[in-house]
Amino acid sequence: MTGRSRPGARNRNPTRALRSSRGFTLVELLVVIAIISIIAGFLIPTLIRSRGEADKVACQNNLREISKMGMLYADTGHRFFPYARGGKSPHEHMNVMVEFFSTGETKLKPELFICRSWRGEKAEVDEEGKFLLDEESCSYTWSEQRLTTTDQRPLSSDKFVKDADQLSGHELGMNVVDTAASVSFVLKENLDEDGLPKGLIR
């Protein structure tokens, strides 16, 4: 009986069992962490740029829609784009348009007037779905002149050039829409001393 081994002991390898139970070594873990860090270092800047471009495109779409609504306002029994008399703030100019469309089939939404990179709050909607803009719920500025749909002038834009830490893609300039609903990106060096396109108010 000396040549026989006990049942179940034939495939037992103490070295292999010990190796499979000890898990990863510290060196192996450090290698995996280093590889993940290298991959993240390549991907994160790309994701940041993509987010900035997406914010910029969403901002352009907002401005284009605002201009189209302004043209619709001007073509519906009005001679000029929405205009608040008496040197009002930009959001009060836009409130003229908001109130005008609040009772018709075409109702404007608060998020239309705020850039996606803006950190302010959206306007509060009441029980009837109506709202009014204020300084914090409107991230766009508006022309200080009484413009018609044939003036071909800047109508609206971002309030200011955004800071780089907002990752918005606006740190180099701002989106500007004209009275024909054509949006362009204006570089910072081409803005006036207030950081805004000429003919616009804060």
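The values are calculated or read from the model by the stated rules, or taken from the named source; none is laboratory data. Predicted model only: the values in this text are computed from it and were never measured. Glycine also receives a Cβ, built like all others from the backbone with ideal geometry; neighbour counts cover every protein chain displayed. Side chains are part of the model used for accessible areas, which takes the heavy atoms of the whole protein and leaves out ligands, DNA and RNA. Shrake-Rupley method; radii C 1.70, N 1.55, O 1.52, S 1.80 Å.
Of all residues in the range 115-136, at least one satisfies being under 17 Å from E65 (Cβ atoms) and open to solvent by 70 Å² or more (accessible area, probe 1.4 Å).
Of the residues making up the range 183-199, not one is touching a residue at least 60 places away in the same chain (Cβ under 8 Å) and acidic (D, E). Within the range 157-202, take every residue that is open to solvent by less than 20 Å² (accessible area, probe 1.4 Å) and in contact with a His (Cβ under 7 Å, 6 or more places away or on another chain) and give me the one that is modelled with the lowest pLDDT. Here the answer is K162. Take the conditions (1) free of Cβ contacts under 8 Å to residues at least 60 places away in the same chain; (2) buried (at least 18 other Cβ atoms within 10 Å of the Cβ); K88 misses just one of them, which is (2). The single condition among (1) without any contact (Cβ under 8 Å) to a residue 24 or more places away in the chain; (2) within 16 Å of L200 (Cα to Cα) that E144 does not meet is (1). The strands (runs of 3 or more DSSP E) found entirely in the range 111-192 that carry 2 or more residues being farther than 19 Å from V98 by Cα are 173-178, 183-187.
Residues are listed down the side, and each one gets a yes or a no for (1) in contact with a strand residue (DSSP E or B) (Cβ under 9 Å, 6 or more places away or on another chain); (2) under 21 Å from P197 (Cα atoms); (3) not charged (D, E, K, R):
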residue: R51; (1), (2), (3): no, no, no
residue: D55; (1), (2), (3): no, yes, no
residue: A58; (1), (2), (3): no, yes, yes
residue: N61; (1), (2), (3): yes, yes, yes
residue: L72; (1), (2), (3): no, no, yes
residue: D75; (1), (2), (3): no, no, no
residue: R79; (1), (2), (3): no, no, no
residue: P82; (1), (2), (3): yes, yes, yes
residue: P90; (1), (2), (3): yes, yes, yes
